[in-house]
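> There's a structure below that I have some questions on.
The values are calculated or read from the model by the stated rules, or taken from the named source; none is laboratory data. This is a predicted model, so every value here is computed, not measured. FYI the Cβ positions are ideal-geometry reconstructions off the backbone, even for glycines, and counts take in every protein chain you see. For the accessible areas, the whole protein counts, side chains as well, though only heavy atoms, and no ligand, DNA or RNA atoms are used. Shrake-Rupley method; radii C 1.70, N 1.55, O 1.52, S 1.80 Å.
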Amino acid sequence: VNSRQLPELAVLGGTGHLGHALARRWVLNGYSVIIGSRDATRAAEAALALGQAPGARVRGATNIEAARAANIVVVTVPFASQESILTEVRETARGKLVVDTTVPLIPPKVMRVQLPEEGSAALRAQRILGRGVTVVAAFHNVAAHLLARDGTVDCDVLVFGEKKDDRERVVDLARDAQLRGVHGGSLANSAAAEALTSVLIFVNKHYGSMGAGLRITGLPDAKSSPVLVA
Ligand SMILES: NC(=O)c1ccc[n+]([C@@H]2O[C@H](COP(=O)([O-])OP(=O)(O)OC[C@H]3O[C@@H](n4cnc5c(N)ncnc54)[C@H](OP(=O)(O)O)[C@@H]3O)[C@@H](O)[C@H]2O)c1
C-alpha cells in the first residue's frame with residue numbers, strides 16, 4: 001500500500017460483487033475507500049475483510065454517509081436499485097464525480113439488450129442526479145469474479161462522460177485497479193458498452209466460458225497501458 005495523494009472513494013453497494021472487487025484493488029493501491037451499504041453493519045464487515053493489508057485505509061458506512069464523506073462516489077448496485085440509490089445521494093453528491101457502473105439488465109432476459117428509455121443507464125443517472133453532479137460511466141464489461149482475483153484482467157474498460165478531464169479521472173481509477181481505461185465519448189455512447197454486457201453474457205453461455213471480455217485494438221501503447229500494482 002503506498003501513500004500517494006489520492007481522492008477518497010465511496011463505493012455504494014460495495015458489499016456486492018463488482019463494488020467489493022473494485023474496492024479491494026483500490027485499497028491495495030493506496031486509496032482510502034468507504035464501503036457503502038444500506039446496512040452499516042454489513043458495510044463494516046465488508047470493510048474489515050478488505051482492511052487486512054498493512055496500511056490499508058478502508059471503512060464501512062451507510063450509502064448516504066459514504067457519499068457525504070468521499071470525493072468520488074462509485075455506484076455499484078443493480079439496475080433495479082439505480083434510481084432509488086441515486087435519488088438518495090443526489091444532494092450529498094452535488095459538486096462531486098459519480099462513477100456509475102450500472103448495466104440495465106432486466107432479469108430474466110439478461111442476454112437481451114434492454115436499454116432504458118433515456119437511451120443509456122448513464123444518461124438515466126445524469127437525469128436522476130441533475131446538472132450539479134458530474135457523471136462518468138465505466139466498468140460495464142469487466143467480470144467481477146475475475147476482478148476479485150489478483151493480477152491483470154484481460155479486458156478493457158470503456159469510459160463515458162461529457163468532458164475529457166472527467167473521463168480522465170476515471171481512466172486513472174481504472175489504471176489503479178490494474179485495468180486499461182479507454183475514452184469512449186459521451187454518456188449517450190455508454191449505451192454501446194451497456195448493451196455489450198448482454199452480448200458477453202450470451203457469449204459466455206454459448207461457449208461455456210466464464211469471463212468473456214472486450215479489448216480495443218490499435219491503440220498506441222504508451223498512453224493506454226495500466227500501471228501495475230507494485
Ligand atoms: N457483477 C459483475 O460482474 C458486473 C460487471 C460489470 C457491471 N456490473 C454492474 O454493477 C452493478 C452491481 O453489480 P453486482 O453484480 O455487484 O450486484 P450485486 O452484488 O447483486 O449487488 C451489489 C450491492 O447492491 C446493493 N443493493 C442490492 N439491492 C439494492 C437496493 N434495492 N437498493 C440499494 N442497494 C441495493 C447490495 O448492497 P447492500 O445489501 O449491502 O446494501 C449489494 O451488495 C450492476 O448494475 C451491474 O450491472 C456488474
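> Would you work out the charge dipole size for segment 17-72 about its Cα centre, treating the Cβ of every Lys and Arg as +1 and the Cβ of every Asp and Glu as -1, and quote it to the nearest 20 debye?
100
> Determine the sum of side-chain charges near LEU28: Lys and Arg each +1, Asp and Glu each -1, restricted to other residues whose C-beta is under 10 angstrom from that of LEU28.
0
> To continue, here is another question. So, with +1 on the Cβ of K and R and -1 on the Cβ of D and E, and no other charges, what is the size of the charge dipole of the chain about its Cα centre, to the nearest 20 debye?
80
> As a test, work out the antiparallel percent of DSSP beta bridges whose residues both lie in the chain, rounded to the nearest 5.
Taking every DSSP beta bridge with both residues in the chain, the antiparallel ones total about 5 percent.
> Continuing with the same structure: Label-point separation (nm) for LEU48 and GLU117, each offset 7 Å from Cα along Cα-to-Cβ?
4.5
> Per 0.36 nm of contour for each residue apart, how much would the distance between ARG127 and GLU168 grow if the chain were fully extended, relative to their Cα-Cα spacing?
12.6 nm
> Now for a separate question. Between THR217 and ALA40, what length in nm is gained on full extension when 0.36 nm per residue of separation is reduced by their alpha carbon distance?
Value of the extension gain: 59.5 nm.
> Could I ask something else about it? Between rounded, prolate and oblate, where does segment 130-230 land on the alpha carbon gyration tensor, with a ≥ b ≥ c its root eigenvalues, rounded for a/c under 1.5, else prolate if a/b exceeds b/c?
Oblate.
> Next question. In whole Hz and in residue order, list the ³J(HN,Hα) couplings for segment 107-119 that follow from phi through the Karplus curve 6.51 cos²θ - 1.76 cosθ + 1.60, θ = phi - 60°; x for Gly and Pro.
x, x, 8, 6, 8, 10, 5, 9, 6, x, 5, 5, x
> Something else about it: Going by average Cβ neighbours within 10 Å, how do the peptides 200-209, 15-24 rank, with the highest at the top?
Top to bottom by mean Cβ count within 10 Å: 15-24, 200-209.
> Moving on to the next point. Could you identify which residue out of ALA122, ALA174, ALA69 has the top mean-square fluctuation in a GNM of the chain using Cα springs shorter than 10 Å?
ALA69
> While we're here: How large is ³J(HN,Hα) for each residue in segment 167-175, as worked out from phi by the Karplus curve 6.51 cos²θ - 1.76 cosθ + 1.60 (θ = phi - 60°), to whole Hz, x for Gly and Pro?
Here the 3J(HN,Hα) series is 4, 4, 4, 7, 4, 5, 5, 4, 4 Hz.
> Excluding ALA121 itself, calculate the net charge of residues whose Cβ lies under 14 Å from the Cβ of ALA121, where each Lys or Arg counts +1 and each Asp or Glu counts -1.
It works out to a net charge of -3.
> Tell me, what are the semi-axes, in whole angstrom and largest first, of the equivalent ellipsoid of the chain as set by the roots of 5 times the Cα gyration tensor eigenvalues?
The equivalent ellipsoid of the chain has semi-axes of 24, 21, 18 Å.
> Suppose each label sits 7 Å from its Cα in the direction of the beta carbon; what would the ARG149-TYR207 distance come out to in nanometres?
Each label point lies 7 Å from its Cα, and together they span 1.6 nm.
> Related question: First compute the accessible area of the chain with a 1.4 Å probe, then give the percent of it belonging to carbon and sulfur atoms.
54
> To the nearest 20 Debye, how big is the dipole of segment 1-48 about its Cα centre, given +1 on the beta carbon of each Lys and Arg and -1 on that of each Asp and Glu?
It comes to approximately 120 debye.
> Could you provide, to the nearest whole Å², the per residue accessible area of the chain with probe 1.4 Å?
48
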